[in-house]
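Trainee: Have a look at the structure that comes next, please.
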Amino acid sequence: MTVSIVHRATGTGLTIGMLFFCWWLGALASGPAGYAAFLDVFTYQSGKLNVIGWIVGVGLTLTLFQHMASGVRHLFMDAGDNFELRANKTTAWLTFGFAIVATAAFWTALLLETPHV
């Protein structure tokens, strides 16, 4: 039950994320001044993420991975698998575990690849 509710909530979160993405694309297309205004909301002058940047970035990444894992779980359930209570609960917990591990791995890889200023 919890995974189903979280799946709906993360779908809503991804919709909000698309608004940020459209804002980013619009800022990018509008030129240097518009893009600089966008960056000012999420980063410090040094280019590192500020608190808002971290919350939005990590939050949307976690939302994406959770929604993806939950969607795969629901895909198997739609095919008629995973209805045994124990397996169902196990895969429900695995969606949360996967989302946390994948988010940590993504941000670790991103931070290791980013040149430090």
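Every read-out reported here was derived from the displayed coordinates using simple, explicitly stated rules and does not represent laboratory data. Not measured: the values here are computed from a predicted model. Glycine gets a Cβ as well: all are built from the backbone with ideal geometry, and neighbour counts include every protein chain shown.
Trainee: When Cα extents along the principal axes in Å is calculated directly from the model, which label among (1) 49, 37, 22; (2) 55, 27, 19; (3) 94, 39, 21 fits?
Mentor: (2)
Trainee: Return Ser70, Ser4 ranked ascending by Cβ neighbour count within 10 Å, so the fewest neighbours appear first.
Mentor: Ordered by Cβ neighbours within 10 Å, fewest first: Ser4, Ser70.
Trainee: If we count other beta carbons within 10 Å of each Cβ, what is the order of Met1, Met18, fewest first? Walk me through the intermediate numbers first.
Mentor: Numbers: Met1 6, Met18 11.
Exposure proxy ranking, most exposed first: Met1, Met18.
Trainee: If you don't mind, there's one more thing I want to ask. Rounded to whole Å, give me the distance from the Cα center of region 1-21 to that of region 43-103.
Mentor: 10
Trainee: Roughly how tilted is helix 51-78, in degrees to the nearest 10 and between 0 and 90, from the longest Cα axis of the chain?
Mentor: Roughly 30 degrees, rounded to the nearest 10.
Trainee: Here's another thing I want to ask about it. In debye, nearest 20: dipole of the chain around its Cα centre with unit charges on the Cβ of K, R (+) and D, E (-)?
Mentor: Details: 5 positive and 5 negative charges, 39 e Å.
Its charge dipole is roughly 180 debye.
Trainee: Working from Cα positions, state the angle (0 to 90°, nearest 10) between the long axis of helix 32-42 and the longest principal axis of the chain.
Mentor: Orientation of helix 32-42: about 50 degrees from the principal axis.
Trainee: With unit charges on the beta carbon (Lys/Arg positive, Asp/Glu negative), name the residue among Gly53, Gly11, Thr90 whose Cα is farthest towards the positive pole of the charge dipole of the chain.
Mentor: Of the candidates, Thr90 comes out farthest on the positive side.
Trainee: Of Arg8, Arg86, Arg73, how do they rank once you tally other Cβ atoms within 10 Å and put the fewest first? Could the numbers behind the result be given before it?
Mentor: Values: Arg8 12, Arg86 7, Arg73 21.
So the residues, fewest neighbours to most, are Arg86, Arg8, Arg73.
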